[in-house]
Amino acid sequence: MKNLILLLSITLLALFAWNGIQKGEETPNSAVVGEAAPGFTLVDSHGNEHSLGDFAGKFVVLEWLNHDCPFVRKFYGAGEMQRLQQHYTEQDVVWLSIISSREGEQGYMKPDQINTANSDKNVAATAVLIDEPGTVGRLYNARTTPHMFVINPDGVLIYDGAIDDKPTANPSDIPGARNYVAEALDAAMNGGQVTVSTTRPYGCSVKY
(Lines give C-alpha, C1' and ligand atoms only; values in the text may rest on other atoms or scores of the structure.)
Protein backbone atom coordinates (compact mmCIF):
# COMPACT_ATOMS: atom_id res chain seq x y z
CA MET A 1 0.00 0.00 0.00
CA LYS A 2 2.81 2.39 0.90
CA ASN A 3 4.56 1.61 -2.39
CA LEU A 4 1.34 2.31 -4.29
CA ILE A 5 0.90 5.68 -2.56
CA LEU A 6 4.53 6.57 -3.29
CA LEU A 7 4.12 5.59 -6.93
CA LEU A 8 0.96 7.69 -7.25
CA SER A 9 2.69 10.69 -5.62
CA ILE A 10 5.64 10.48 -8.00
CA THR A 11 3.30 10.17 -10.98
CA LEU A 12 1.28 13.23 -9.93
CA LEU A 13 4.42 15.31 -9.40
CA ALA A 14 5.68 14.30 -12.83
CA LEU A 15 2.36 15.26 -14.41
CA PHE A 16 2.37 18.68 -12.73
CA ALA A 17 5.95 19.28 -13.87
CA TRP A 18 5.10 18.26 -17.45
CA ASN A 19 2.04 20.50 -17.49
CA GLY A 20 4.21 23.40 -16.34
CA ILE A 21 6.63 22.79 -19.18
CA GLN A 22 3.85 22.45 -21.73
CA LYS A 23 2.15 25.66 -20.60
CA GLY A 24 5.42 27.58 -20.51
CA GLU A 25 5.08 28.39 -16.83
CA GLU A 26 7.67 30.56 -15.19
CA THR A 27 11.13 29.29 -14.43
CA PRO A 28 13.36 30.85 -11.76
CA ASN A 29 15.00 33.00 -14.48
CA SER A 30 11.87 33.92 -16.40
CA ALA A 31 10.62 37.40 -17.22
CA VAL A 32 9.07 39.43 -14.41
CA VAL A 33 7.56 42.88 -14.80
CA GLY A 34 9.67 45.47 -13.01
CA GLU A 35 12.84 43.44 -13.37
CA ALA A 36 15.50 43.16 -16.07
CA ALA A 37 14.17 41.37 -19.13
CA PRO A 38 16.02 38.08 -19.71
CA GLY A 39 18.58 38.27 -22.47
CA PHE A 40 18.38 36.08 -25.54
CA THR A 41 19.79 35.62 -29.01
CA LEU A 42 17.75 34.40 -31.98
CA VAL A 43 18.14 34.26 -35.75
CA ASP A 44 15.61 36.03 -37.96
CA SER A 45 13.99 34.83 -41.18
CA HIS A 46 16.90 36.24 -43.21
CA GLY A 47 19.52 34.40 -41.17
CA ASN A 48 20.63 37.46 -39.19
CA GLU A 49 21.34 37.10 -35.48
CA HIS A 50 19.67 39.42 -33.00
CA SER A 51 20.42 39.71 -29.27
CA LEU A 52 18.26 41.67 -26.87
CA GLY A 53 21.41 43.41 -25.66
CA ASP A 54 21.91 44.86 -29.15
CA PHE A 55 18.95 47.15 -28.48
CA ALA A 56 20.05 48.64 -25.16
CA GLY A 57 18.81 52.21 -24.86
CA LYS A 58 15.70 51.56 -26.94
CA PHE A 59 12.15 50.48 -26.27
CA VAL A 60 11.57 46.91 -27.43
CA VAL A 61 8.28 45.16 -28.14
CA LEU A 62 8.12 41.35 -28.22
CA GLU A 63 5.14 39.89 -30.06
CA TRP A 64 4.52 36.13 -30.07
CA LEU A 65 3.30 35.21 -33.52
CA ASN A 66 1.35 32.40 -35.22
CA HIS A 67 -0.19 33.43 -38.55
CA ASP A 68 -2.54 30.41 -38.47
CA CYS A 69 -4.14 31.55 -35.21
CA PRO A 70 -7.55 33.28 -35.61
CA PHE A 71 -6.64 35.79 -32.91
CA VAL A 72 -3.49 36.75 -34.79
CA ARG A 73 -5.41 36.90 -38.08
CA LYS A 74 -7.79 39.33 -36.36
CA PHE A 75 -5.00 41.91 -36.13
CA TYR A 76 -3.04 41.16 -39.30
CA GLY A 77 -6.13 40.78 -41.46
CA ALA A 78 -7.36 44.19 -40.34
CA GLY A 79 -3.88 45.71 -40.76
CA GLU A 80 -3.85 46.75 -37.11
CA MET A 81 -0.69 44.91 -36.08
CA GLN A 82 1.17 46.32 -39.08
CA ARG A 83 -0.11 49.80 -38.25
CA LEU A 84 1.21 49.50 -34.69
CA GLN A 85 4.53 48.13 -35.92
CA GLN A 86 5.00 50.96 -38.37
CA HIS A 87 3.82 53.66 -35.96
CA TYR A 88 6.28 52.66 -33.24
CA THR A 89 9.27 51.59 -35.35
CA GLU A 90 9.11 55.05 -36.92
CA GLN A 91 9.69 56.33 -33.37
CA ASP A 92 12.80 54.13 -33.04
CA VAL A 93 11.03 51.35 -31.12
CA VAL A 94 12.37 47.88 -31.91
CA TRP A 95 9.55 45.44 -32.69
CA LEU A 96 10.50 41.76 -32.62
CA SER A 97 7.92 39.18 -33.67
CA ILE A 98 8.79 35.71 -32.37
CA ILE A 99 7.59 32.36 -33.70
CA SER A 100 7.97 29.60 -31.09
CA SER A 101 5.87 26.95 -32.84
CA ARG A 102 7.59 23.59 -33.01
CA GLU A 103 8.08 22.02 -36.45
CA GLY A 104 4.93 20.13 -37.40
CA GLU A 105 2.73 22.30 -35.18
CA GLN A 106 0.35 25.11 -36.09
CA GLY A 107 2.18 28.33 -36.89
CA TYR A 108 5.56 26.77 -37.69
CA MET A 109 7.12 28.39 -40.73
CA LYS A 110 10.39 27.99 -42.57
CA PRO A 111 12.39 31.17 -43.20
CA ASP A 112 11.25 31.52 -46.81
CA GLN A 113 7.62 31.08 -45.74
CA ILE A 114 8.06 33.80 -43.12
CA ASN A 115 9.54 36.16 -45.70
CA THR A 116 6.66 35.47 -48.08
CA ALA A 117 4.14 36.15 -45.31
CA ASN A 118 5.99 39.34 -44.37
CA SER A 119 5.71 40.56 -47.95
CA ASP A 120 2.11 39.45 -48.49
CA LYS A 121 0.91 40.96 -45.21
CA ASN A 122 3.08 44.10 -45.31
CA VAL A 123 4.61 43.22 -41.95
CA ALA A 124 6.48 46.20 -40.50
CA ALA A 125 8.24 44.51 -37.56
CA THR A 126 11.95 45.12 -37.12
CA ALA A 127 12.51 41.38 -37.50
CA VAL A 128 10.66 38.08 -37.26
CA LEU A 129 12.69 35.74 -35.07
CA ILE A 130 12.67 31.95 -35.11
CA ASP A 131 12.43 30.23 -31.71
CA GLU A 132 11.61 26.72 -32.92
CA PRO A 133 12.91 24.96 -29.78
CA GLY A 134 10.69 27.31 -27.72
CA THR A 135 13.56 28.32 -25.45
CA VAL A 136 12.84 32.05 -25.48
CA GLY A 137 9.10 31.51 -25.36
CA ARG A 138 9.42 29.52 -22.17
CA LEU A 139 11.93 32.02 -20.79
CA TYR A 140 9.28 34.73 -21.16
CA ASN A 141 6.42 32.42 -20.19
CA ALA A 142 4.75 33.27 -23.52
CA ARG A 143 1.42 31.48 -23.41
CA THR A 144 -0.61 32.73 -26.34
CA THR A 145 -0.43 34.26 -29.78
CA PRO A 146 -0.40 37.13 -29.56
CA HIS A 147 1.33 37.56 -26.19
CA MET A 148 2.94 40.97 -25.88
CA PHE A 149 5.86 42.32 -23.87
CA VAL A 150 7.33 45.82 -23.65
CA ILE A 151 10.89 46.49 -22.47
CA ASN A 152 12.15 49.98 -21.66
CA PRO A 153 15.53 51.49 -22.65
CA ASP A 154 17.01 50.39 -19.32
CA GLY A 155 16.22 46.79 -20.20
CA VAL A 156 13.40 46.51 -17.67
CA LEU A 157 10.21 44.67 -18.55
CA ILE A 158 7.35 47.16 -18.15
CA TYR A 159 4.43 45.28 -19.72
CA ASP A 160 3.43 41.61 -20.02
CA GLY A 161 0.07 40.43 -21.31
CA ALA A 162 -2.69 40.85 -23.86
CA ILE A 163 -2.58 43.29 -26.73
CA ASP A 164 -5.94 44.75 -25.70
CA ASP A 165 -9.05 44.26 -23.56
CA LYS A 166 -11.24 42.56 -26.19
CA PRO A 167 -10.39 38.83 -26.01
CA THR A 168 -12.12 37.86 -29.25
CA ALA A 169 -11.09 36.90 -32.77
CA ASN A 170 -13.47 39.46 -34.26
CA PRO A 171 -11.75 42.34 -36.10
CA SER A 172 -14.75 44.59 -35.50
CA ASP A 173 -13.76 44.71 -31.82
CA ILE A 174 -10.44 46.45 -32.57
CA PRO A 175 -11.67 50.07 -32.88
CA GLY A 176 -13.34 50.12 -29.47
CA ALA A 177 -10.61 48.21 -27.64
CA ARG A 178 -8.21 49.53 -25.04
CA ASN A 179 -4.79 48.72 -26.49
CA TYR A 180 -2.52 47.96 -23.54
CA VAL A 181 0.67 47.84 -25.63
CA ALA A 182 0.13 51.26 -27.19
CA GLU A 183 -0.90 52.62 -23.80
CA ALA A 184 2.26 51.32 -22.11
CA LEU A 185 4.54 52.58 -24.88
CA ASP A 186 2.94 56.01 -25.07
CA ALA A 187 3.11 56.49 -21.31
CA ALA A 188 6.69 55.31 -20.91
CA MET A 189 7.98 57.14 -23.99
CA ASN A 190 6.55 60.36 -22.60
CA GLY A 191 8.13 59.87 -19.17
CA GLY A 192 4.94 58.68 -17.48
CA GLN A 193 4.01 55.61 -15.48
CA VAL A 194 2.56 52.47 -17.03
CA THR A 195 -0.74 52.16 -15.20
CA VAL A 196 -1.51 48.63 -16.43
CA SER A 197 1.65 46.57 -16.50
CA THR A 198 0.25 43.04 -16.41
CA THR A 199 -2.83 41.52 -18.00
CA ARG A 200 -3.96 38.04 -18.92
CA PRO A 201 -2.95 37.27 -22.52
CA TYR A 202 -5.51 35.77 -24.87
CA GLY A 203 -5.31 33.87 -28.14
CA CYS A 204 -4.15 30.46 -29.32
CA SER A 205 -1.77 28.59 -27.06
CA VAL A 206 1.87 28.75 -28.14
CA LYS A 207 2.56 25.45 -29.91
CA TYR A 208 5.72 24.35 -28.10
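The values are calculated or read from the model by the stated rules, or taken from the named source; none is laboratory data. The structure presented is a predicted model; accordingly, all values stated were derived computationally and were not measured. Please note: Cβ atoms are built from the backbone with ideal geometry, for glycine as well, and neighbour counts cover all protein chains shown.
This table checks each residue for (1) more than 17 Å from the chain's Cα centre (by Cα); (2) of a type in the set (Val, Ile, Thr).
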{"site": "Gly57", "(1), (2)": "yes, no"}
{"site": "Gly79", "(1), (2)": "yes, no"}
{"site": "Glu90", "(1), (2)": "yes, no"}
{"site": "Asp112", "(1), (2)": "yes, no"}
{"site": "Val123", "(1), (2)": "no, yes"}
{"site": "Gly137", "(1), (2)": "no, no"}
{"site": "Thr145", "(1), (2)": "no, yes"}
{"site": "Val150", "(1), (2)": "no, yes"}
{"site": "Pro153", "(1), (2)": "yes, no"}
Test result for Ser97, part of a loop (DSSP other than H, G, I, E, B), within 15 Å of the chain's Cα centre (by Cα) and under 14 Å from Val136 (Cα atoms) = no
ask   = Which residues, taken from the stretch 151-189, are among the β-branched types (Val, Ile, Thr) and out of contact with any Leu (no Cβ under 6 Å at 6 or more places or on another chain)?
value = Val156, Ile158, Ile163, Thr168, Ile174, Val181
message = Restricting to the stretch 102-126, give me the number of residues that are of a type in the set (Ser, Thr, Tyr) and under 30 Å from Pro153 (Cβ atoms).
response = 1
query = Is there a residue in the stretch 169-183 that is over 16 Å from Arg83 (Cβ atoms), modelled with pLDDT of 95 or more and in contact with a helix residue (DSSP H, G or I) (Cβ under 9 Å, 6 or more places away or on another chain)?
reply = yes
message = So, in the stretch 46-63, how many residues would count as being closer than 9 Å to Val94 by Cβ, of a type in the set (A, V, I, L, M) and loosely packed, with under 14 Cβ neighbours inside 10 Å?
response = 0
task = Please enumerate the residues belonging to the stretch 34-72 that are within 24 Å of Pro153 (Cβ to Cβ) and among the acidic types (Asp, Glu).
result = Glu35, Asp44, Glu49, Asp54, Glu63
task = Evaluate the stretch 141-152: report whether one residue or more is touching a helix residue (DSSP H, G or I) at 6+ places or on another chain (Cβ under 6 Å) and aliphatic (A, V, I, L, M).
result = yes
task = Give just the number: which of (1) out of contact with any Ser or Thr (no Cβ under 6 Å at 6 or more places or on another chain); (2) crowded, with 19+ Cβ neighbours inside 10 Å; (3) of a type outside the set (Lys, Arg) does Asp131 not satisfy?
result = (1)
Number of positions in the stretch 162-208 that are within 18 Å of Arg73 (Cα to Cα), not acidic (Asp, Glu) and not in a helix (DSSP H, G or I) = 19
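Per-residue answers, yes or no, for (1) on the phi < 0 side of the Ramachandran plot; (2) touching a strand residue (DSSP E or B) at 6+ places or on another chain (Cβ under 9 Å); (3) touching a residue at least 12 places away in the same chain (Cβ under 8 Å); (4) surrounded by 15 or more Cβ atoms within 10 Å (Cβ to Cβ):
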| residue | (1), (2), (3), (4) |
| --- | --- |
| Tyr108 | yes, yes, yes, yes |
| Thr116 | yes, no, no, no |
| Val123 | yes, yes, yes, yes |
| Val150 | yes, yes, yes, yes |
| Gly155 | no, yes, yes, yes |
| Asp164 | yes, yes, yes, yes |
| Val181 | yes, yes, yes, yes |
| Gly203 | no, yes, yes, yes |
inquiry  = Checking Asp120 against (1) over 30 Å from Asp186 (Cβ atoms); (2) part of a helix (DSSP H, G or I); (3) of a type in the set (D, E, K, R): exactly one of these is not met. Which one?
reply    = (1)
inquiry  = Looking at Gln85, Gln91, can you tell me which residue is modelled with pLDDT of 95 or more, loosely packed, with under 15 Cβ neighbours inside 10 Å and within 20 Å of Met189 (Cβ to Cβ)?
reply    = Gln91
